[in-house]
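The values are calculated or read from the model by the stated rules, or taken from the named source; none is laboratory data. Everything quoted here is computed from the prediction, not taken from an experiment. Every residue, glycine among them, receives a Cβ derived from its backbone with ideal geometry; neighbour counts consider all protein chains shown.
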Amino acid sequence: MTTNSSSCLASKPHYDLLDGLRGVAALLVLWYHVFEGFSFATAVNTGLDPPISTINHGYQAVDFFFILSGFVIGYAYDDRFRNGTLTLRSFFKRRIIRLHPMVLLGAVIGAVTFMLQGSQQWDGTHVSTSLVMLATLCAMFMIPAIPGCPYEVRGNGEMYPLNGPCWSLFFEYMGNLLYALLLRRLPTFALGILTVLLGIGLAWFTIADVSGYGMLGIGWTLDSMNFIGGMLRMLFPFSMGLLLSRIFRPRKVKGAFWVGTALLAVLVHVPYIASSGNICLNGIFESICILFVFPAIVWLAASGTTTDRYSSSICRFLGDISYPLYIVHYPVMYLFYDWLIRNSRYALSGALLPSIAVMVLNIALAYAALRFFDQPLRRWLTKQA
């Protein structure tokens with residue numbers, strides 16, 4: 001980190017409310033995956049495929065993450081690239097130091113929880129230790145698994161079978177690469193045109209239900225439609241966030257954090273919207289959220305400020321824990337899903353205390369990972385760089 005670059009960053013105000021909302025979104029993802037477990041257990045044991053109840057649209061928190069990422073990266077790095085205080089090499093070093101330590105830890109935790117399950121695929125097929133180690137090594141280097149390949153150890157097609165949500169980190173890395181090589185160089189008008197075109201493409205993909213899923217919870221596997229859908233899920237919100245960072249002008253907004261939190265919570269709890277005909281009604285709802293509502297929430301949060309030390313501490317804590325929570329929670333959820341399957345628990349009413357326990361455990365694990373692994377390692381790596 002150069003001195004000029006540090007001074008440039010220090011001169012800019014920090015958006016505490018965006019940190020807070022990132023933490024809220026991570027908690028909603030955790031809550032969503034609890035209910036995903038009930039749906040998954042039902043599918044495994046009964047052959048039925050019910051929609052995820054209660055928080056059906058929780059997967060859209062990932063789209064919100066991508067908008068936040070574009071906004072924060074544009075805000076933090078555009079000026080420094082422009083005035084020559086940041087090089088491509090320095091940018092990539094910063095992003096790897098910021099993102100990759102938790103990827104490594106998530107891979108290790110994923111391997112441990114997989115072996116605690118008996119190193120078995122969901123259908124009971126045993127997986128050799130050598131393949132588990134290979135899957136761990138590939139996860140550490142963000143090498144995705146092609147469905148059916150030997151190190152796709154869980155057998156259900158996940159890009160990262162030891163830690164499923166890392167699929168979004170794969171696309172996040174691609175977004176960072178595109179930003180450094182192309183997007184940052186675009187004039188604001190050109191970026192705006194590109195964002196509109198990407199938004200049209202994403203809307204078409206969702207409303208026409210191109211994937212055949214009836215929803216946008218895609219990108220987690222490497223079949224053709226998932227890859228295209230995952231790219232669109234990243235490209236539009238990331239570009240929109242970057243555009244917002246350039247054209248944003250703050251307004252005084254009171255209660256922005258609580259309004260943003262309430263909006264996110266309500267939207268992700270909207271039930272699945274069944275379709276009749278060729279237009280996917282659920283896709284219309286998803287498109288409205290991603291194209292219009294989520295950017296408005298980012299604008300709202302960037303316009304608000306914390307009013308006291310207490311609220312600043314809450315937002316800072318939520319922001320700090322958001323990424324570790326997102327990375328470490330799913331390996332634990334695999335154990336929870338296995339328990340649900342073995343005990344035939346298909347609803348929150350039959351697993352209330354275990355559901356609360358797994359959420360508390362994940363938050364505690366994320367905090368421990370932050371304090372004792374992520375922060376110390378990033379500090380050390382920053383000094384070495």
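Given GLY164, GLY106, which one is closer than 25 Å to SER224 by Cβ, crowded, with 17+ Cβ neighbours inside 10 Å, modelled with pLDDT of 95 or more and not aliphatic (A, V, I, L, M)?
So the residue among GLY164, GLY106 that is closer than 25 Å to SER224 by Cβ, crowded, with 17+ Cβ neighbours inside 10 Å, modelled with pLDDT of 95 or more and not aliphatic (A, V, I, L, M) is GLY164.
Take PRO324 and decide whether it is in a helix (DSSP H, G or I) and buried (at least 22 other Cβ atoms within 10 Å of the Cβ).
Working: in a helix (DSSP H, G or I): yes; buried (at least 22 other Cβ atoms within 10 Å of the Cβ): yes.
So PRO324 passes the test.
Mind checking which residues of the range 237-279 are within 20 Å of VAL196 (Cβ to Cβ), at pLDDT 95 or above and of a type outside the set (Ser, Thr, Tyr)?
Listed by number, the residues that qualify are PRO237, PHE238, MET240, GLY241, LEU242, LEU243, LEU244, ARG246, ILE247.
Can VAL29 be described as of a type in the set (A, V, I, L, M) and touching a Ser or Thr at 6+ places or on another chain (Cβ under 6 Å)? It would help to see each step written out before you state the result.
Values: of a type in the set (A, V, I, L, M): yes; touching a Ser or Thr at 6+ places or on another chain (Cβ under 6 Å): no.
Criteria not met by VAL29.
Does ASP78 satisfy being in a helix (DSSP H, G or I) and either closer than 25 Å to GLY319 by Cβ or without any contact (Cβ under 8 Å) to a residue 12 or more places away in the chain (or both)? Break it down into steps so the answer makes sense when it comes.
Working: in a helix (DSSP H, G or I): yes; either closer than 25 Å to GLY319 by Cβ or without any contact (Cβ under 8 Å) to a residue 12 or more places away in the chain (or both): yes.
Yes.
Is it the case that some residue within the range 174-184 is more than 23 Å from GLY283 (Cα to Cα), in contact with a Leu (Cβ under 9 Å, 6 or more places away or on another chain), charged (D, E, K, R) and modelled with pLDDT of 95 or more?
yes
Could you check how many residues of the range 75-100 are within 12 Å of TYR179 (Cα to Cα) and exposed (fewer than 15 other Cβ atoms within 10 Å of the Cβ)?
Total meeting the criteria: 2.
Tell me yes or no: at least one residue of the range 374-382 is of a type in the set (Lys, Arg), surrounded by fewer than 16 Cβ atoms within 10 Å (Cβ to Cβ) and farther than 24 Å from SER119 by Cα.
Restricting attention to the range 374-382, the residues satisfying the condition of being of a type in the set (Lys, Arg) are 378-379.
Of the ones still in play, those that are also surrounded by fewer than 16 Cβ atoms within 10 Å (Cβ to Cβ) are 379.
Applying the additional criterion that residues be farther than 24 Å from SER119 by Cα yields 379.
Taking every residue of the range 374-382 in turn, at least one turns out to be of a type in the set (Lys, Arg), surrounded by fewer than 16 Cβ atoms within 10 Å (Cβ to Cβ) and farther than 24 Å from SER119 by Cα.
Please verify whether TYR59 is under 24 Å from LEU181 (Cβ atoms) and out of contact with any Ser or Thr (no Cβ under 9 Å at 6 or more places or on another chain), treating the condition exactly as stated.
no
Go through (1) in a loop (DSSP other than H, G, I, E, B); (2) under 21 Å from ARG22 (Cβ atoms); (3) out of contact with any Cys (no Cβ under 8 Å at 6 or more places or on another chain) and name the single condition THR306 misses.
Checking THR306 against (1) in a loop (DSSP other than H, G, I, E, B); (2) under 21 Å from ARG22 (Cβ atoms); (3) out of contact with any Cys (no Cβ under 8 Å at 6 or more places or on another chain), the one that fails is (3).
Scan the range 118-167 for residues that are in contact (Cβ under 8 Å) with a residue 40 or more places away in the chain and of a type in the set (D, E, K, R) and jot them down.
ARG154, GLU158
Is one or more of the residues making up the range 228-240 farther than 27 Å from ARG95 by Cβ and touching a Leu at 6+ places or on another chain (Cβ under 7 Å)? Please lay out each step first, then the result.
Taking the range 228-240 and keeping what is farther than 27 Å from ARG95 by Cβ, we get none.
There is no residue in the range 228-240 that is farther than 27 Å from ARG95 by Cβ and touching a Leu at 6+ places or on another chain (Cβ under 7 Å).
Would you point out the residue of the range 350-385, among those that are part of a helix (DSSP H, G or I) and within 17 Å of ASN45 (Cβ to Cβ), that is farthest from the chain's Cα centre (by Cα)?
Checked the range 350-385; the qualifying residue farthest from the chain's Cα centre (by Cα) is GLY350.
In the range 329-347, what residues are more than 26 Å from MET102 (Cβ to Cβ) and in contact with a Ser or Thr (Cβ under 7 Å, 6 or more places away or on another chain)?
Passing the criteria: only TYR346.
Select, from MET225, MET234, MET215, the only residue that is part of a helix (DSSP H, G or I), out of contact with any strand residue (DSSP E or B) (no Cβ under 7 Å at 6 or more places or on another chain) and modelled with pLDDT of 95 or more. Quick ask: steps written out before the conclusion?
Numbers: MET225 fails: modelled with pLDDT of 95 or more; MET215 fails: part of a helix (DSSP H, G or I).
Answer to the selection: MET234.
Looking at ALA43, ALA26, which is the one that is over 30 Å from LEU186 (Cα atoms), part of a helix (DSSP H, G or I) and without any contact (Cβ under 8 Å) to a residue 24 or more places away in the chain? Don't jump to the end; show me each part of the working.
Numbers: ALA26 fails: without any contact (Cβ under 8 Å) to a residue 24 or more places away in the chain.
Of the residues listed, the single one that is over 30 Å from LEU186 (Cα atoms), part of a helix (DSSP H, G or I) and without any contact (Cβ under 8 Å) to a residue 24 or more places away in the chain is ALA43.
Residue-by-condition table, conditions (1) surrounded by fewer than 22 Cβ atoms within 10 Å (Cβ to Cβ); (2) touching a helix residue (DSSP H, G or I) at 6+ places or on another chain (Cβ under 6 Å):
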{"residue": "PHE227", "(1), (2)": "yes, no"}
{"residue": "SER239", "(1), (2)": "no, yes"}
{"residue": "LEU243", "(1), (2)": "no, yes"}
{"residue": "ARG249", "(1), (2)": "yes, no"}
{"residue": "ALA262", "(1), (2)": "yes, no"}
{"residue": "ILE273", "(1), (2)": "yes, yes"}
{"residue": "PHE294", "(1), (2)": "no, yes"}
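Does ASP209 qualify as being surrounded by fewer than 21 Cβ atoms within 10 Å (Cβ to Cβ) and either out of contact with any Cys (no Cβ under 8 Å at 6 or more places or on another chain) or within 28 Å of PHE81 (Cα to Cα) (or both)? Talk me through it step by step, then tell me what you get.
Values: surrounded by fewer than 21 Cβ atoms within 10 Å (Cβ to Cβ): yes; either out of contact with any Cys (no Cβ under 8 Å at 6 or more places or on another chain) or within 28 Å of PHE81 (Cα to Cα) (or both): no.
No, not satisfied.
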